[in-house]
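The values are calculated or read from the model by the stated rules, or taken from the named source; none is laboratory data. These numbers come from a predicted model, not from an experiment. Ideal geometry is used to build each Cβ from the backbone, glycine not excepted, and the neighbour counts take in all protein chains shown. Accessible surface areas use protein heavy atoms only, side chains included; no ligands, DNA or RNA. Shrake-Rupley method; radii C 1.70, N 1.55, O 1.52, S 1.80 Å.
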Amino acid sequence: MSLRLKINLIVGTLTALFVAALLGLQFRGMRAAVAEETVAANRVASQLLNRSAWGYAAQGTAAMRAYLEGVGRVRSNDITLYGADGAELYRSPPSPYKAGRDAPAWFDRLIAPPPTVQSIEFPDGKLVVRSNASRAVLDAWDDFVVLAGAALALLVAVNALVLWGVGRAVRPFGRIVEALDELQRGRFDVELPPLPGREAAAIGAAFNRMVGVLRENLETERRAMRAERELSDSRELARWIDHHIEQERRLIARELHDELGQSVTAMRSMALSIAQRVHGVDPAAEQAARLIADESSKLYDAMHGLIPRLAPMVLDTLGLEAALNDLVERTRRAHPQVTVDLHIDLADVALGVDAALALYRAAQEGITNALRHGHARHLQVRVGARDGWLVLDVRDDGQGLPATGTTAPGHYGLRWIAERVEALGGQMRLEPATPRGAHLQVSLPQPA
C-alpha cells in the first residue's frame, strides 16, 4: 500500500466519521422535532374537539358528523367518528400535502414517535383522535436526503482534493525512488535536483550528500585495493629477489670454499715448497716465497670468515643447532670481551629449510645489532618450541632501542627479517628489555 493511498484512506475515514456524526446529530434532531410537532398537534386538536364536541353531540351524531366534515383535515391527526353500535360514521380525509409519497418504512420506524390516541365519548357515539406523523416524517426524510447528498458530495470533494494534494506532495518521492534504483544499479553519479517541499528537499540534499560520500569512499577503497595489490606485488618481488640472493650467496660460498679455497691452499703449499728448496741458496727468493705463503694463509682465513656471512654452509649440512653454535663461537672469537649464552631446545622438531634460514638470519641480525649499535657486553640467545611455535629470543644489555623518530642503521636489516618472517606466517617483535638493552623475538609456526 502506497503512502498516497494510506493518507487518502485515513482522511476518507476521518471525513466519513465526521459526516456520520453530523448525520447522527441531524437524525436525532429530526426525531425530536417530529415527536414534538406530532404530540403538540394531537393535544391541540384533542382540546379543541373536546370543547366543541359536546355541543354538537347534544344535537346527535348527524350534527357531529356535519361539523367534522366542515372541519376537514386536521394537521398530523386522524379523526374517526363511531356510532353507539361501534360502526364507523366518519373518517378524516387524507392529507393533500405531498400526496402519494411516504418516507421509507425503516426511516418511519426510526423517526416517528409512538401514536397518541385521544378518545372523546358522548351518549350516542365516540370520537377518536389519533396522531399521524407521516407528513412530518416525510419532511424529515426529504431534509435527510438533501443533507446526505450534500455530505456525500462533501466526502467525495474532500477525498478528491486530498488525492490531488497528496499526489502533488508525494510526487518528489517518486523521483527519489528512481534515483535510489539508479544507485542500486551501480550508477554512482546520480544526483537529485532541488525538490519542492521542505521534507523532500531535505531528503534530496541528504541523498546527494550520501552519494558524494559514497563516491569518495569507493574511490578511497579502489585506491586502497590498488595500493594493497601493488604492495603484494612488491612483497612477492622482494621474496623472489631474496630467494635468488640466497641462491647466489650459496653459489658464491661454494665457489669460494671449493675452488678458491683449494687454489689458495695450493698456492700456500707451493710457496712453502719453494721456500724449502731455496733455503740457504737464495735468501731473497726464500723470503718472497714465505711472504706469499703468509699472505695466502691470511687470504684463506679471510675467505673462511666471509663464507659463513654469505651462506651458512654448516646450516645446510648439520642443521640449525650446529649453525647457531658456529655463529656464537665465531662471535666469541671476534669479540672476546662479550659473553654470549646459547640455549637450544628443539627436541625432535623437523625444521624446513626456509624456517631454519629465517631463524638463523634473525639471530645473526640480532647479535650484529646488539654489538654494533647497542655496544652490549652480555647476550642471551634462546631457541625453542612453545605451543606449536618455534621461538627465537635474543636479549642484550646494551644501550637499548633508539628514541622514537630517529633512524638507526640496523633498522633496514630488521625490516628485511620481518618481511621474511611474515612471508612464512610468523611474527617479529622488538621491544626494550628489563632493566636495559633490547629484546628481539621471532616466532614461526611449527611444521606438522
Problem - Residue under evaluation GLN59, criteria (1) of a type in the set (S, T, N, Q); (2) modelled with pLDDT under 80; (3) open to solvent by less than 60 Å² (accessible area, probe 1.4 Å), criterion not met - result: (3)
Exercise for the section: Identify the single condition in (1) polar (S, T, N, Q); (2) in contact with a Ser or Thr (Cβ under 8 Å, 6 or more places away or on another chain); (3) farther than 30 Å from VAL145 by Cα; (4) open to solvent by less than 20 Å² (accessible area, probe 1.4 Å) that SER46 does not satisfy, given that it satisfies every other one. Expected result: (2)
Exercise for the section: Would you check if there is a residue in the range 375-398 being open to solvent by 90 Å² or more (accessible area, probe 1.4 Å), modelled with pLDDT under 85 and out of contact with any strand residue (DSSP E or B) (no Cβ under 6 Å at 6 or more places or on another chain)? Expected result: yes
Practice task
Looking for whichever is in contact with a strand residue (DSSP E or B) (Cβ under 7 Å, 6 or more places away or on another chain) and closer than 27 Å to ARG28 by Cα here; the options are ARG130, ARG101, ARG91. Which one fits?
Solution key: ARG130
Exercise for the section: Identify, by number, the condition in (1) assigned to a loop (DSSP other than H, G, I, E, B); (2) at pLDDT 80 or above that ALA408 doesn't meet. Expected result: (2)
Completion exercise
Given the conditions (1) open to solvent by 40 Å² or more (accessible area, probe 1.4 Å); (2) under 19 Å from ILE7 (Cα atoms), every one holds for VAL162 apart from (1)
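Is it the case, given these coordinates, that ARG185 is loosely packed, with under 12 Cβ neighbours inside 10 Å, out of contact with any Leu (no Cβ under 6 Å at 6 or more places or on another chain) and among the basic types (Lys, Arg)? Reasoning before the result, please.
Details: loosely packed, with under 12 Cβ neighbours inside 10 Å: yes; out of contact with any Leu (no Cβ under 6 Å at 6 or more places or on another chain): yes; among the basic types (Lys, Arg): yes.
Taking the combined requirement at face value, the residue satisfies it.
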Exercise for the section: Report whether or not ALA136 is touching a residue at least 24 places away in the same chain (Cβ under 8 Å), touching an Asp or Glu at 6+ places or on another chain (Cβ under 6 Å) and loosely packed, with under 13 Cβ neighbours inside 10 Å. Expected result: no
Fill in the blank from the handout: With criteria (1) modelled with pLDDT under 85; (2) farther than 30 Å from LEU155 by Cα, LEU5 comes up short on (2)
Practice task
For ALA347, indicate whether it is at positive phi and either of a type outside the set (Asp, Glu) or surrounded by 11 or more Cβ atoms within 10 Å (Cβ to Cβ) (or both).
Solution key: yes
Practice task
Quickly run through the range 98-122 and pick out the residues that are open to solvent by 90 Å² or more (accessible area, probe 1.4 Å) and under 20 Å from VAL44 (Cα atoms).
Solution key: PRO114, GLU121
Practice task
Please work out which one of (1) open to solvent by 20 Å² or more (accessible area, probe 1.4 Å); (2) under 20 Å from ASP124 (Cα atoms) is the condition GLY83 fails and give its number.
Solution key: (1)
Fill in the blank from the handout: The one condition ASP354 fails out of (1) crowded, with 18+ Cβ neighbours inside 10 Å; (2) closer than 24 Å to GLU422 by Cβ is (1)
Exercise for the section: Look at the range 357-374 and say how many of its residues are open to solvent by 40 Å² or more (accessible area, probe 1.4 Å) and in a loop (DSSP other than H, G, I, E, B). Expected result: 1
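Listed here are the residues, each with its yes/no results for (1) of a type in the set (D, E, K, R); (2) open to solvent by 60 Å² or more (accessible area, probe 1.4 Å); (3) closer than 30 Å to VAL158 by Cα; (4) touching a helix residue (DSSP H, G or I) at 6+ places or on another chain (Cβ under 9 Å).
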site	(1), (2), (3), (4)
ASN50	no, yes, no, no
MET64	no, no, no, yes
ARG73	yes, yes, no, no
ARG91	yes, yes, no, no
PRO94	no, yes, no, no
Handout entry: Count of residues meeting criterion [in a helix (DSSP H, G or I), within 13 Å of LEU371 (Cβ to Cβ) and either open to solvent by less than 90 Å² (accessible area, probe 1.4 Å) or in contact with a Gly (Cβ under 9 Å, 6 or more places away or on another chain) (or both)] in the range 324-344
Key = 5
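Identify the residue in the range 21-39 that is surrounded by 13 or more Cβ atoms within 10 Å (Cβ to Cβ) and of a type in the set (A, V, I, L, M, F, W, C) and, among all such residues, is farthest from the chain's Cα centre (by Cα). Before you say what the answer is, go through the steps one by one.
Restricting attention to the range 21-39, the residues satisfying the condition of being surrounded by 13 or more Cβ atoms within 10 Å (Cβ to Cβ) are 22-23, 26-27, 30-31, 33-35, 37-39.
Still in the running and of a type in the set (A, V, I, L, M, F, W, C): 22-23, 27, 30, 33-35, 39.
On the way: LEU22: 50, LEU23: 52, PHE27: 57, MET30: 62, ALA33: 66, VAL34: 68, ALA35: 69, VAL39: 75 Å.
So the residue we want is VAL39.
Residues are listed down the side, and each one gets a yes or a no for (1) open to solvent by less than 60 Å² (accessible area, probe 1.4 Å); (2) without any contact (Cβ under 8 Å) to a residue 60 or more places away in the chain; (3) more than 18 Å from ARG168 (Cα to Cα):
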residue	(1), (2), (3)
PRO193	no, yes, no
ILE203	no, yes, no
GLU219	no, yes, yes
ALA227	yes, yes, yes
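Answer yes or no as to whether ASP294 is surrounded by fewer than 15 Cβ atoms within 10 Å (Cβ to Cβ), over 52 Å from the mean Cα position of the chain (by Cα) and either at pLDDT 85 or above or at positive phi (or both).
Values: surrounded by fewer than 15 Cβ atoms within 10 Å (Cβ to Cβ): yes; over 52 Å from the mean Cα position of the chain (by Cα): yes; either at pLDDT 85 or above or at positive phi (or both): yes.
So ASP294 passes the test.
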